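Worksheet for the structure shown next.
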Amino acid sequence: MIYCCEEHVELALDVIVDDYMTSPTLEKIDEEKKISTTCEYCRNLAVYVVANS
Ligand SMILES: [Zn+2]
């Protein structure tokens, strides 16, 4: 699973596709988790979680 901000959501989707060869799922992070979770690729707060389904 990859946590990412709006800016890096495309990148995270690509990484999942490359790693798992499956179409990824994209979900918005719950409001309360958003506060403590940062993007994998920068210091912004994560908005989405990308996972392989
Ligand atoms: Zn980011």
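Residues in the stretch 23-45 that are in contact (Cβ under 8 Å) with a residue 12 or more places away in the chain and among the small types (Gly, Ala, Ser): SER23 alone. For the stretch 17-27, the criterion of being within 12 Å of the ligand (Cβ to nearest atom) and surrounded by 14 or more Cβ atoms within 10 Å (Cβ to Cβ) is met by no residue.
No value in this document is a laboratory result; all are computed from the given coordinates. The model shown is predicted, which means the values in this text are computed figures rather than measured ones. Every residue, glycine as well, gets a Cβ built from its backbone with ideal geometry; the counts of neighbours run over all protein chains shown.
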